[in-house]
1. Is at least one residue of segment 154-162 of a type in the set (A, V, I, L, M, F, W, C) and either over 30 Å from P214 (Cα atoms) or surrounded by 14 or more Cβ atoms within 10 Å (Cβ to Cβ) (or both)?
2. With respect to the numbered conditions (1) touching a Gly at 6+ places or on another chain (Cβ under 6 Å); (2) under 26 Å from S35 (Cβ atoms), which one is the sole condition not fulfilled by S190?
3. Have a look at V176, V138, V198, V148 and point out the one that is hydrophobic (A, V, I, L, M, F, W, C), within 23 Å of V64 (Cβ to Cβ) and either in contact with a Leu (Cβ under 6 Å, 6 or more places away or on another chain) or not assigned by TED's automatic domain parsing to the domain that holds F52 (or both).
4. Taking T255 as the residue in question, decide whether it is assigned to a helix (DSSP H, G or I), of a type in the set (V, I, T) and either free of Cβ contacts under 8 Å to residues at least 24 places away in the same chain or in the same structural domain as I17 (by TED's automatic domain parsing) (or both).
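The values are calculated or read from the model by the stated rules, or taken from the named source; none is laboratory data. The structure displayed is predicted, hence computed values, not measured ones. So basically every Cβ, Gly included, is an ideal-geometry build from the backbone, and we count neighbours across all protein chains shown.
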Amino acid sequence: MQGWRAGVAVFACAMPIIWGLLIPAGDLGLMTLRSPDQILSNQFWNFATNSFTLATITALIALVLGLVIAYSVRLVNTAPVRFASQITALGYAVPGSVIAVGTLIPLGWVDNTIDTWVRDNWQISTGLLFSGTIFALVFGYLVRFLAVSLGGITTGLEKIKPNLDKAARSLGHQPVAILGKVHIPLLWSSLMTAGILVFVDVMKELPATMILRPFNFNTLAVRVYNLASDERLSEAASAALAIVLIGLIPVLILTWQIRNSRSLPKV
């Protein structure tokens, strides 16, 4: 395709990026420049730190759990094991607010049970040990986004032929050693991809965060929602732009990883 047809094709492909990313991000950038004190405030950096910390912790735990589940299915490929792995992936199809309520109910029951038992025996109140804490927030994120990690790791494992497992077993290695010495090095690209996807999803998650977050604990997404709901758009621009930039960098890394993986032969 050459000439004006090529130009039309390029323009058509660029329109979603221009209207969906460049123009909104540029508008947010202009509003941020008009209120630079928002970026320089300690409050903004506290919100950014909270968001980054939650996304990092959740991504790491999701990678470990996804790797354990996917490798278990590879070792014991039976109907019950496959069914259990599919159950863990159902959270991605459920709204974050529903998962948040479903998380608070059992954790609240556990907290009340522990508090009642401690009060009866030692006359001390334990308070909220799980619900209303970072534990509940990370747990809700894992229920919501474990499917993202599991799907990426499962796809990577499917590219590794079972002959490698058999060869390693013939040399006397146990499944755990095979996972560490054979599969994880070959899965490095898939692990990075899965971790990046979970990280980005957690950074922009709002409903679950609004319900499960501890008191006086806010993230960038909550900050944007609160300010935008009050029509304080110029003040919300810096937090919104930070979410865009923090989410864009991992996506660029992911694109680079996918492009490189296509040039590598399957194992």
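1. yes
2. So S190 meets the others, but not (2).
3. Unique residue meeting the criteria: V148.
4. Here the answer is yes, as T255 does meet what is asked.
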